[in-house]
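The values are calculated or read from the model by the stated rules, or taken from the named source; none is laboratory data. Everything quoted here is computed from the prediction, not taken from an experiment. Cβ placement follows ideal geometry from the backbone for every residue including glycine, while neighbour counts extend to all protein chains displayed. When the accessible area is computed, the model is the full protein with side chains, heavy atoms only, and any ligands, DNA or RNA have been set aside. Shrake-Rupley method; radii C 1.70, N 1.55, O 1.52, S 1.80 Å.
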Amino acid sequence: MPIVVLAFSTASKRRPTADLRHLALPAMWALAFAFLGVGGAIDVPEAILAGVLAGAHTLAWMTLPVLRRRFLGASAILTVVVIALLRDAAGGSASGYGPLVLWPVLAVALYGDRGQLWRTIAAVAVALVAPTVLIGSPHYAPGSWRLSVFLILSAAVVGAVVQELLLRERRGAAKHVRLLGAIGDGVLVTDLGGRILEVNQALCSTTGFTAGELLGQVPPYPTWPAGHRATIGAAYRSAIAAGGGEFEAPLQRRDGTPVHAVIRVAVEPGTAHDAPAVIATVKDVTEPVRLRETIREERDRTAAVIAGMDEGFCVTRDGAILDVNPALCRMTGFSREQLVGAATPLPFWPPEALAELEAAREQVRATGSGSAEVTFMRADGSRFPGDFTSTRLPSDPDGSPTFLNTIRDVTERKAAERAAARRADELAAIAAVTRAVSRAEPAEARAKVCEVALEMTAAASAAIWEPGPGGDLRPVCMLAGSPEPDQALDEAIREAAAAGALATGEAGRAQVASDAPRRAAHAWYQPIAAAGGVHGVLEVQWADGGEAPRDAVSVLELLADEAAIALARAEAHDELERLVRTDALTGLPNRRALEERLEGELATVRRTGLPLALAVLDLDHFKAYNDAYGHPAGDALLAGAAEAWSARLRETDLLARWGGEEFCVLLPGCSAEDAVAVMRDLRARTPNGQSFSAGVAAYAAGETADGLLQAADDALYEAKRRGRACDVVHAPTTA
Ligand code: GH3
Ligand code: MG
Ligand code: MG
């Protein structure tokens, strides 16, 4: 019987079914009372008393749990009393009811504490010994005390041993429960069929289910999401079949939220008393998995970005390349296979820059990051300038620092910088030309243009070709640079090339024949064109027989524009000069031009001693002519006379309009007589039958311009006085 109770109690730990333990008491009494009628006579009233007591106690025991919990000791003692009454009613020591006392002793040993046990054993001792002492023979034979003592001892030993074993078992079970509760990961214990026998608190808080909801469940468990039941079930079964294993599974909480878990399965082989069990731990790895996913996505995205960049990337550790992007391969011409795994000096480090690159690397190692502008090498050996940066990545667990390096090919930027610098030089030179041109006399401006052309194109010579008054091209300004060519260009070739550029407005070049010596000249002809057409040609010659440098051509184009401005200015200047010295009506030099020329001629005659005559002419009765034919006709007469007279005079003579209807003629090389002859000729050529009077003065040593003019004027006055249309030679007073 005790074995049955024990089996019940062990089973109950795993299977909380209806508690059959409570049936043990009524069953015992039923058995005890059933055997009352067997054998000799019974004391009926005493048996009835025992039956009433047993019935009342059993009823209370079955219905009042408090009795079982709080009054277990009293119940046991009452049971001992009922057994003593039954024993007495059935005939005392010979009745055979004595061993029943083991029942309450066992019950207290199983469910009570030590005090209750020893009190029950004391009650048993009293119940068995007292009748022998108090009542005695024949009911209680003197020899029965031996059986009583053995029973009391047996009860004590069995009770104590059972209670000790149970206490140990309970302590073990309590420890087991505490351990399970202390485990941070979820734990569930199932039988081999998967029925959940035990869960811990951590599993409940991970899954959101209560222990009551989980216990007794069989697969698929409510924590397995519908879409994953088959795969999780398969993994679970194969882990059990293998005797243990680990797998990751997406689970769901009671509220449907996902939980990612690592499930470790261990199979506990059964013992003689225990069925085999499956112990599974459920580790919530939702957060680490989410982090892992995020990092992977981040890494994929980063890798995609790096792969798509124009900038070269390489990741290095301990001086060796771990990874490169396609841009670096394109940039350096090395394949990925050639680069990944390569160690310092890296394949794209040129030998001449090793020291510089090692220094940059050292700086990065010391400070964690750095940048430098370095020369790199392509697979074909060519070099390119690169911007290099390096940054230490967050340290790896093994402590070896990893660096992310970027390389940008700055060839184009460098070229642009050089071009910009050159452009700035050119602009500075052009600005200097512009300044010089705006300040200088036109002739100086030409020289300045040639000077800058020489300087900026490293030429052997520079010249500006312009058409002369006769239309023939000639170099107006020519400057020589260095080095001089061994064989110069033929003058005719140069003139033809300049003429071509002038005629077409297109730049051209000329060259000494191809079999010429090495340093034969070649030249560039840049037309100097302004709005009004092509004014001239800027010519630059080099001594090296090659092509005109590309940069030089652009400089020459700018210079030609500048020269065009200079030439236009020169022309405007000349025109102004001409206007200042010209009479608008007749086109003759005016009084100012004559005075200037007279000074020059006087200087010459003083030096040479050659003769010089000056005549002043005044139309006769011109007022009357005006009055008679009108002012415009008077103008026409003035212009006509100027033209007719000019035609008669020599190139070296100078006819000027002195003012009104008065003219001056300067006649170098003429004596007073010669001058009078010229006057007669001119008078004969005066249009419309008109005449003039003239006063002539010849240069005499020491004469000034004013003196000479005054003398001629005096002579004119005399001619008018003498009746007009005649010539009077001034007679020097000294003569
Ligand atoms: P004389 O023989 O004494 O020189 O008499 P004249 O009339 O020629 O001399 P006068 O000094 O009395 O008159 C000069 C005239 O010439 C007066 C003026 O109207 C005229 N004259 C001066 N300049 C011009 C000009 O540019 N065009 C015209 N049509 N007439 C002019
Ligand atoms: Mg006059
Ligand atoms: Mg007159």
The distance between the Cα centres of the stretch 58-80 and the stretch 453-502, in whole Å, is 140 Å
Kirkwood Rh for the chain from C-alpha pairs, in Å, is 42.1 Å
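Under 1.5 on a/c is rounded, so check that first for the stretch 583-729, then, if it is not, pick prolate when a/b is larger than b/c and oblate when it is not; a ≥ b ≥ c are the square roots of the alpha carbon gyration tensor eigenvalues.
prolate
If you take every residue apart from VAL218 with its C-beta less than 13 Å away from the C-beta of VAL218, what net charge results, scoring Lys and Arg +1 and Asp and Glu -1?
+2
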For LYS283, the lysines lying under 29 Å Cα to Cα, once residues fewer than eight places off in the same chain are dropped, come out as LYS13, LYS175
Label model pair PHE33, ASN688: point-to-point distance (7 angstrom along the Cα→beta-carbon line) in nm is 18.2 nm
Once all protein chains are kept in place, SER482 shows an accessible area at probe 1.4 Å, nearest 10 Å², of 90 Å²
Correct response: the longest run of the chain lacking exposed GluC sites (Glu not before Pro), defined by DSSP loop and at most 13 other Cβ within 10 Å, is 1-505
Excluding residues fewer than 8 positions from LYS623 in its own chain, the lysines with Cα under 29 Å of it are LYS720
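At most 14 other C-beta atoms within 10 Å and a DSSP loop state: those are the exposed trypsin sites (Lys or Arg not before Pro) I care about. Give me the longest piece of the chain that has none.
On the way: sites that count: ARG254, ARG518, ARG650, ARG722, ARG724.
Of all site-free stretches, the longest is 255-517.
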Among the stretch 130-156, those whose backbone N falls under 16 Å of a label point 7 Å along Cα→Cβ from ALA41 are 138-140
quick shape note, the stretch 13-97: Cα extents on principal axes in Å, largest first -> 47, 23, 18
So for R0 = 45 Å, FRET eff. of ALA211-ALA242 from the Cβ-Cβ r, to 0.05, ends up at 0.95
Rounded to one decimal in nm, the spacing of the 7 Å Cα→Cβ label points at LEU576 and THR367 is 6.1 nm
Here, the stretch 629-689 modelled as identical Cα point scatterers in vacuum has Debye log10 I(q)/I(0) at q = 0.14, 0.16, 0.21, 0.27 Å⁻¹ of -0.40, -0.52, -0.85, -1.26
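Hey, can you find the accessible area per residue of the chain for me, probe 1.4 Å, expressed in square angstrom?
Values: 38770 Å² over 735 residues.
Spelled out: the 1.4 Å probe surface of the chain, per residue, equals 53 Å².
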Total charge of the residues flanking GLY341 in space, meaning their Cβ is under 14 Å from its Cβ, with Lys and Arg +1 and Asp and Glu -1, is -1
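Which percent of the accessible heavy-atom area of the stretch 618-681 goes to carbon and sulfur, probe 1.4 angstrom? Intermediate results must be reported in sequence, preceding the final value.
Values: 1500 of 2920 Å².
Looking at the stretch 618-681 in its full context, I get 51 percent from C and S.
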Using a 1.4 Å probe on heavy atoms of the protein chains only, the accessible area for PHE692 in Å², nearest 10, reads 0 Å²
Length gained, GLU311-GLN201, 0.36 nm per residue minus C-alpha separation, equals 34.1 nm
So the angle from the long Cα axis of helix 144-182 to the longest Cα principal axis of the chain, reported in degrees to the nearest 10, equals 10 degrees
Where a ≥ b ≥ c are root eigenvalues of the Cα gyration tensor, a/c under 1.5 meaning rounded, otherwise prolate if a/b exceeds b/c and oblate otherwise, the stretch 35-169 counts as oblate
Between SER154 and ARG114, the FRET efficiency computed from the C-beta separation at R0 = 22 Å comes out, to the nearest 0.05, as 0.75
Compactness check, the stretch 84-137: C-alpha Rg relative to the 2.2 N^0.38 Å globular estimate gives 1.21
Of all DSSP beta bridges with both partners in the chain, the antiparallel percent, nearest 5, is 95 percent
In whole Å, largest first, the alpha carbons of the stretch 294-409 cover along the principal axes 43, 30, 22
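What order, most packed first, do the peptides 59-66, 103-110 have when packing is the mean number of other Cβ atoms within 10 Å of each residue? Walk me through the numbers before you get to the answer.
Values: 59-66: 12.4, 103-110: 25.2.
Highest mean packing first, the order is 103-110, 59-66.
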For the chain, longest principal axis from Cα atoms; helix 229-241 axis from its Cα atoms; angle between them, nearest 10 degrees, is 60 degrees
Over its alpha-carbon atoms, the stretch 417-578 yields an Rg and a Dmax in Å of 15.3, 50
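How would HIS22, HIS631, HIS573 line up by accessible area, probe 1.4 Å, largest first?
Descending accessible area places them as HIS631, HIS573, HIS22.
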For LYS448, counting only aspartates and glutamates whose alpha-carbon sits under 13 Å away and dropping same-chain residues fewer than eight positions off, the answer is GLU562
Simple spin-label estimate for ARG569/ALA359, 7 Å along Cα→Cβ, in nm, reads 5.0 nm
Helix 72-89 sits off the longest principal axis of the Cα atoms of the chain, rounded to the nearest 10 on a 0 to 90 degree scale, by 20 degrees
If each part is reduced to its alpha-carbon centroid, the stretch 419-433 and the stretch 667-729 end up apart, in Å, by 62 Å
